[in-house]
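The values are calculated or read from the model by the stated rules, or taken from the named source; none is laboratory data. No experiment lies behind these values; they were computed from the predicted model shown. Here Cβ is always computed from backbone atoms with ideal geometry, including for glycine, and neighbour counts include all displayed protein chains.
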Ligand code: ADP
Ligand code: GLC
């Protein structure tokens, strides 16, 4: 099939979280199955780094959106290691900024232009998509654009649209006065009328109303977002369209994330030979400036430091843990100041136990996955979550809240049966997190002898499971076929 895949981030060109990983790995997996996938994303400043070569595709295309005249060009490069073309929409006035996302006055316009540009690109290069696959609010105008402004063009007569919701917490809600800037002013009657009357316009809702199918990134999250508790105001609309709402668990890129081949870690290892893991632990502690304490477990965190990720529980729980146990903690992440301050304070109060690297780097993320003994992910909500799957693959059992994709991938370890791959708490409160950490410490035990053997069983359970896209991609193929039966 011909697939137009549009995303606001695609690794390695631009990534602020899991969307970037998925928007790289899924097109790669689809292409391996023989589909002609074209990926479209903005040319942010950070994309144009030295050493990357881009071929020009379109020059100075002009768009009139409401009162604004936008001129953009398109360049292309291959998704690394594949033949998949990525098209970069170059419009320095909109995308030449430090961040991928901004709170600037024209955020709505930056991403309306992305959807427009993707469809204009198809016209200019004669690419006839069977499926236009949109991701999150940034590209949620695509389905409606296809049904209105581009409906005249026979090129799209067979194009169905699919919207994947990676996070319903971000909806692209704007003042209705931006309607003209979306280029859909003439199609105002297609937007949700009550909202327009109330002066609001919601990109994600527009996508939910017009996509031929809506997916989200795990089966549990698909159920959750249809409830008032987790739907962030959109649950009613999703329930109305429940027949076309599906949960498809994300995969991970098993080439990129494999302890057997990982180029970012000093010592490779596998489920059969875990010696390298202990060496990575020493290397990680060394680099973090922490002493290697024989048999003390090291917890790892790699995360955006956002409300979603549940670190509010850590203010009370971690000091108690660190005061009463020899455990150590290595944290990598940036985000809201209050969480950054939490980890800075912990590193100051427990200098031999806690290290906090404020920032993010891909090699460091891999080194924490490989070097930590356990991985902490107490998310309030988690549409899918990739880090717990990376952790499982690296023999680093995750400690998680039972929500969304965490509930679908992590099961509590049962020592007697030797089943389960991590530690799970149900109630999102300090008692819950404390319970799961205590469980993990009990199973860890002395970190030696029979306790060590038990821990190996737990590690093996995670390392043996398959989380690759090769298994998951068939679910997308089926959905594509369902909505685009022309093929
Ligand atoms: P989310 O997308 O909600 O952040 P996921 O677990 O799906 O959560 O994906 C996290 C991905 O983003 C991982 O690849 C992780 O290494 C990466 N990551 C974590 N923190 C950052 C950050 N501050 N900047 C960029 N990438 C990050
Ligand atoms: C979002 C979610 C995360 C998910 C990722 C990729 O960022 O927060 O849970 O794994 O998208 O789908």
So in the range 215-231, with the set limited to residues that are part of a loop (DSSP other than H, G, I, E, B) and within 15 Å of ligand 2 (Cβ to nearest atom), which one is nearest to residue 380 (Cα to Cα)? 230
Being in contact with a helix residue (DSSP H, G or I) (Cβ under 6 Å, 6 or more places away or on another chain), assigned by TED's automatic domain parsing to the domain that holds residue 325, closer than 30 Å to residue 255 by Cβ and more than 16 Å from ligand 2 (Cβ to nearest atom), is that true of even one residue in the range 399-409? yes
Residue 308 passes all but one of (1) in a helix (DSSP H, G or I); (2) in contact with a helix residue (DSSP H, G or I) (Cβ under 9 Å, 6 or more places away or on another chain); (3) in contact (Cβ under 8 Å) with a residue 60 or more places away in the chain; which number fails? (2)
Among the residues listed as 263, 211, the single one being in contact with a strand residue (DSSP E or B) (Cβ under 6 Å, 6 or more places away or on another chain) and at negative phi: 211
Could you check, for the range 60-72, whether at least one of its residues is touching a helix residue (DSSP H, G or I) at 6+ places or on another chain (Cβ under 9 Å), assigned by TED's automatic domain parsing to the domain that holds residue 246 and within 16 Å of residue 6 (Cα to Cα)? no
If a residue has to be closer than 25 Å to residue 467 by Cα and surrounded by fewer than 20 Cβ atoms within 10 Å (Cβ to Cβ) to count, how many in the range 409-438 make the cut? 9
Could you go through the range 476-487 and let me know if any residue there is closer than 30 Å to residue 157 by Cα, within 16 Å of ligand 1 (Cβ to nearest atom) and modelled with pLDDT under 95. no
Checked the range 171-182 for anything closer than 27 Å to residue 129 by Cα and out of contact with any helix residue (DSSP H, G or I) (no Cβ under 6 Å at 6 or more places or on another chain); matches are 180
Failed condition for residue 383, given (1) in a helix (DSSP H, G or I); (2) farther than 16 Å from residue 311 by Cβ; (3) touching a helix residue (DSSP H, G or I) at 6+ places or on another chain (Cβ under 9 Å): (1)
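Here's the yes/no breakdown for (1) outside the structural domain of residue 384 (by TED's automatic domain parsing); (2) within 16 Å of ligand 2 (Cβ to nearest atom):
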| residue | (1), (2) |
| --- | --- |
| 266 | yes, no |
| 280 | no, no |
| 283 | no, no |
| 298 | no, no |
| 331 | no, no |
| 335 | no, yes |
Is there any pair with a first residue in the range 166-190 that is under 29 Å from residue 152 (Cβ atoms) and in contact (Cβ under 8 Å) with a residue 60 or more places away in the chain and a second that is within 16 Å of ligand 1 (Cβ to nearest atom) and not in a helix (DSSP H, G or I) whose Cβ atoms are under 9 Å apart and which are 6 or more apart or on different chains, and what are they? 172/136
Filtering the range 341-364 for residues that are surrounded by fewer than 17 Cβ atoms within 10 Å (Cβ to Cβ), part of a helix (DSSP H, G or I) and more than 11 Å from ligand 1 (Cβ to nearest atom) leaves a count of 5
